Amino acid sequence: AKCQCKMPQEQRTNCGYPGISAAECKKIGCCFNASVNGVPWCYTPKPKKVKKVCPNDPYARINCGYPGIQARECTRKGCCFRAHPAGVPWCFYHRITEE
């Protein structure tokens, strides 16, 4: 993503080899910007920002507990808890999404 390539030039970490083309650099998952001499043109992107969310779709839940688990025990395991609807896991894993 473009936002992962926006960083101060002095923070760039070389990601390619001397003379790498923009296409080759991007193909290996790196950022390319040849506008400034003396800094890496092909460089490592910033890590993606992710957050944990509890899925809204009750039928997409992946079970993290067992029948009758209590909310406190579920959240202690680091999972989501919603005691509805019937027939789906009430204690379930987070989904990781990119910000």
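The values are calculated or read from the model by the stated rules, or taken from the named source; none is laboratory data. Owing to the predicted nature of the structure, the values given are computational and were not obtained by experimental measurement. Glycine also receives a Cβ, built like all others from the backbone with ideal geometry; neighbour counts cover every protein chain displayed. The accessibility values were calculated without ligands, DNA or RNA, using every heavy atom of the protein model including side chains. Shrake-Rupley method; radii C 1.70, N 1.55, O 1.52, S 1.80 Å.
Counting only protein heavy atoms and a 1.4 Å probe, the chain has 72 square angstrom of accessible area per residue.
Positive contributions from Lys and Arg (+1) and negative ones from Asp and Glu (-1), summed over other residues with Cβ under 14 Å from the Cβ of Q70, come out at +3.
Checking Cβ-Cβ separations below 4.7 Å across the chain identifies C3 as cysteines lacking any candidate disulfide partner. Among the listed values (i) 17.9; (ii) 16.7; (iii) 13.9, the one computed from these coordinates for Kirkwood radius over Cα pairs in Å is (ii).
Using a probe of 1.4 Å on the protein chains alone, the accessible area found for Y17 is around 120 Å². In terms of Cα to Cα distance under 23 Å, which lysines are near enough to K6, apart from those fewer than 8 places away along the same chain? Correct list for K6: K26, K27, K46, K48, K49, K51. For the chain, the Cβ-based charge dipole about the Cα centre amounts to some 220 debye (Lys, Arg positive; Asp, Glu negative; other atoms uncharged). Computed 3J(HN,Hα) for segment 37-51, one whole-Hz value per residue from the Karplus formula 6.51 cos²θ - 1.76 cosθ + 1.60 where θ = phi - 60°, is 7, x, 10, x, 7, 10, 9, 5, x, 5, x, 5, 8, 10, 9, glycine and proline marked x. Let me know the charge dipole size of segment 50-98 about its Cα centre in debye, to the nearest 20, where only the beta-carbon of Lys, Arg (+1) and Asp, Glu (-1) is charged. Charge dipole, segment 50-98, about its Cα centre: 160 debye, nearest 20. Rounded, prolate or oblate: which fits segment 3-47 when a ≥ b ≥ c are the square roots of the eigenvalues of the alpha-carbon gyration tensor, with rounded for a/c under 1.5 and prolate only if a/b beats b/c? The shape class here is oblate. Straight Cα distances below 13 angstrom link K52 to the aspartates and glutamates E98, E99, with same-chain residues fewer than 8 positions distant left out.
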